[in-house]
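The values are calculated or read from the model by the stated rules, or taken from the named source; none is laboratory data. In this text the structure is predicted, and so the values were computed from the model without any measurement. Glycine also receives a Cβ, built like all others from the backbone with ideal geometry; neighbour counts cover every protein chain displayed. With ligands, DNA and RNA removed, areas are computed over all heavy atoms of the protein, side chains included. Shrake-Rupley method; radii C 1.70, N 1.55, O 1.52, S 1.80 Å.
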Amino acid sequence: MGYIFKGSKEYTRASLSLFLGGFVTFSILYTTQPLLPVFAKEFGVSAPLASLTVSLSTGLLAISMLVAAAISDVIGKKKIMVLSMFFTSFLALLTALSPNFNTLLVFRALLGIFIAGVPSIAMAYIGEEFHPKGIGRIMGLYISGTTIGGMAGRILIGVLSDMFTWRIALIAVGGLALIFSVIFLIALPKSQYTAKNKPDLKSVCLAYKIHLNNKQLISLLLLSFLLMGSFVTLYNYIGFLLVEPPYALSQTHVGFIFIVYICGTYSSVYMGKKADEYGYSTILKLSMAIMLAGALISLVPSLIGKIAGISIFTFGFFASHSIASSWVGEHATLNRAQASSLYLLFYYLGSSLIGSFGGYFWIHFHWHGIISLILSLLVIGYPLVLIASQKTGDEGF
């Protein structure tokens, strides 16, 4: 047994599989995001209530990941990820059949539980199976799959909901996810480092306790909460802004706004390489500065200004996430599955809690309120980066 090295058949298969895993997870997790204005109108609910179709999924995903990580050490990382992808695809299809808003919320809640298998395990799989010198690159590739999946899913939803209905749009995305799940099952190499032990609640709790006593790791967990919270808040409410005058965009046009995810696809790989070269701290602080700049530019009244600001913000976010998630491995050399789950627990709690909380800023202060909230979150994040760099001796700090 040994690491997966670049150039091998296993590397190609694993790279494709992890890309598709990220694609399926995010193409489905956020399918309802561009539909929030549609749900608000069709079901007669407020913006914060409509956002629950996203927040319930991400919140339950955050909690479920802790269980998925523990189970993966017993039955295998690949098996958990495969089951997760198939259940996720089927639930996406069922969501399209929701007769009312409450049923829609139930299906989205269940989806949040079953989707947890991929994001909770993929990072640990990468950390254990690939050679350490290439982790930044392969993590960037996985995250680029999440960006393309998030982009493609939202664009398809926007176009198909305009051409047909939002229900048909959800069926199309769920069907595509099912096909990719089959490829994932066939292509992903089996984990070589799976522990074949009986569940040991005491050891699992001990692993979490050790991680939660690591202040550098805690700083990265809190940072993930702030980063993801700011990102989802921006995308949850940009649709409400753009369907209003003076923009008055259709669902197709709102969906195509998410094409700026291409910026994240590029930045997660490119900035991941730069972090390997210049140090996590330096490149992470730079990436967060790019997010700040993008948020401010989005205040420009013109549509072009809005798109430019969102593009820059997205570039910075996915770079920041790629670097921070890779940095977790530096502070957790043991029990990486649990460390990854803690990181993503905070990450998706940020999406759930701040994403919904942002709705009240939208209602009372409109877009300026949304951007003020995001800027505050990012400013708070900078001291956390400094704390995370203390133990590593990062030359970039």
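Is there a residue in the stretch 50-65 that is in a loop (DSSP other than H, G, I, E, B) and either closer than 19 Å to MET123 by Cα or open to solvent by less than 10 Å² (accessible area, probe 1.4 Å) (or both)? It would help to see each step written out before you state the result.
Taking the stretch 50-65 first, the residues in a loop (DSSP other than H, G, I, E, B) are 51.
Remaining after also requiring either closer than 19 Å to MET123 by Cα or open to solvent by less than 10 Å² (accessible area, probe 1.4 Å) (or both): 51.
Checking the stretch 50-65: at least one residue is in a loop (DSSP other than H, G, I, E, B) and either closer than 19 Å to MET123 by Cα or open to solvent by less than 10 Å² (accessible area, probe 1.4 Å) (or both).
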Filtering the stretch 1-49 down to residues that are of a type in the set (Lys, Arg), part of a loop (DSSP other than H, G, I, E, B) and within 25 Å of the chain's Cα centre (by Cα) yields none
Considering every residue within the stretch 304-316, establish whether at least one is open to solvent by 40 Å² or more (accessible area, probe 1.4 Å), of a type in the set (Val, Ile, Thr), under 30 Å from THR165 (Cα atoms) and over 21 Å from the mean Cα position of the chain (by Cα).
yes
Going residue by residue through the stretch 123-143, is there one that turns out to be hydrophobic (A, V, I, L, M, F, W, C) and outside any helix (DSSP H, G or I)?
yes
Say whether the condition of being buried (at least 22 other Cβ atoms within 10 Å of the Cβ), modelled with pLDDT under 95, within 17 Å of the chain's Cα centre (by Cα) and aliphatic (A, V, I, L, M) is met by at least one residue in the stretch 377-388.
no
Take the stretch 8-43 and flag every residue that is more than 20 Å from LEU170 (Cα to Cα) and open to solvent by 30 Å² or more (accessible area, probe 1.4 Å).
SER8, LYS9, GLU10, TYR11, THR12, ARG13, LEU16, PHE19
Cβ-Cβ distance below 8 Å, separation of 6 or more or different chains: which pairs start in the stretch 1-18 with a residue that is modelled with pLDDT of 80 or more and end on one that is open to solvent by 30 Å² or more (accessible area, probe 1.4 Å) and part of a helix (DSSP H, G or I)?
SER15/LEU141; LEU16/ILE183; SER17/ILE183; LEU18/LEU141
Say we look at the stretch 262-303 and pick out the residues that are closer than 20 Å to LEU249 by Cβ and in contact with a Lys or Arg (Cβ under 8 Å, 6 or more places away or on another chain); which of these is surrounded by the fewest Cβ atoms within 10 Å (Cβ to Cβ)?
VAL300
Hey, can you tell me all the residues within the stretch 105-129 that are crowded, with 24+ Cβ neighbours inside 10 Å, closer than 24 Å to SER51 by Cβ and not small (Gly, Ala, Ser)?
ARG108, LEU111, ILE115, VAL118, PRO119
